[in-house]
Amino acid sequence: MKELIAKIDSINEQTPALWGKMTPQHMVEHIAVTLWMSAGKIPVKCYTPEDKIPFMLRFLESDKPMPRNFVSPAVGEHLLPLRFDSLEEAIQNLKDGFQAFTAYFEANPEATLTNPAYGELNYAQWQRFHEKHITHHFSQFGLV
């Protein structure tokens, strides 16, 4: 994850998306929100029916990439309004979210927190989610 996060500095406002609707700043802010969720700072509910969670967790542990143009049930089809005045501010928020995630699980190694698609995740599962999710969106902008 640390190596993936380091790649964020290579993006700029003119970096084109290879697919999807997001701008670079939308993508950065979207990833940051999931980092803050996994640090216990943004409470969320799980939108996946309980009986589908085992299937979702098998997908999470697989080597299958997240599908392009996947619509998150937590976000919907429309882009969320930007929260930061600049891409640079959004990138700093993403980096702060990564540090908060790491610090949270260092202080609470046995904790689980809710992911909107996968339900309750522990540290290793959140790490796996972030690796898949960041790789998915970084590939959207040619960063991986």
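The values are calculated or read from the model by the stated rules, or taken from the named source; none is laboratory data. Since we're looking at a predicted model, the values are computed, not measured. Methodologically, a virtual Cβ is constructed for each residue, glycine included, from the backbone with ideal geometry; neighbour enumeration extends over all protein chains shown. The area values use the complete protein model at the heavy-atom level, side chains included, leaving out ligands, DNA and RNA. Shrake-Rupley method; radii C 1.70, N 1.55, O 1.52, S 1.80 Å.
Of the residues Ala74, Ala111, Ala100, which single one is at pLDDT below 95, under 16 Å from Met37 (Cβ atoms), in contact with a Phe, Trp or Tyr (Cβ under 9 Å, 6 or more places away or on another chain) and among the hydrophobic types (A, V, I, L, M, F, W, C)? Don't jump to the end; show me each part of the working.
On the way: Ala111 fails: at pLDDT below 95; Ala100 fails: at pLDDT below 95.
Among Ala74, Ala111, Ala100, only Ala74 is at pLDDT below 95, under 16 Å from Met37 (Cβ atoms), in contact with a Phe, Trp or Tyr (Cβ under 9 Å, 6 or more places away or on another chain) and among the hydrophobic types (A, V, I, L, M, F, W, C).
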The conditions are (1) free of Cβ contacts under 8 Å to residues at least 40 places away in the same chain; (2) open to solvent by 50 Å² or more (accessible area, probe 1.4 Å), and Asn69 fails exactly one of them. Which is it? (1)
From the list Phe84, Phe101, exactly one residue is among the aromatic types (Phe, Trp, Tyr) and open to solvent by less than 40 Å² (accessible area, probe 1.4 Å). Which is it? Phe101
Condition test on Glu29, is it over 18 Å from Lys132 (Cα atoms) and either assigned to a loop (DSSP other than H, G, I, E, B) or charged (D, E, K, R) (or both)? no
Checklist (1) closer than 20 Å to Gly20 by Cβ; (2) in a loop (DSSP other than H, G, I, E, B); (3) hydrophobic (A, V, I, L, M, F, W, C) applied to Ala111, failing item: (1)
Would you mind stating whether Leu94 is of a type outside the set (D, E, K, R), open to solvent by 30 Å² or more (accessible area, probe 1.4 Å) and under 19 Å from Gln140 (Cβ atoms)? no
By residue number, the members of the range 34-55 that are touching a residue at least 24 places away in the same chain (Cβ under 8 Å), among the aliphatic types (A, V, I, L, M) and open to solvent by 40 Å² or more (accessible area, probe 1.4 Å) are Val44
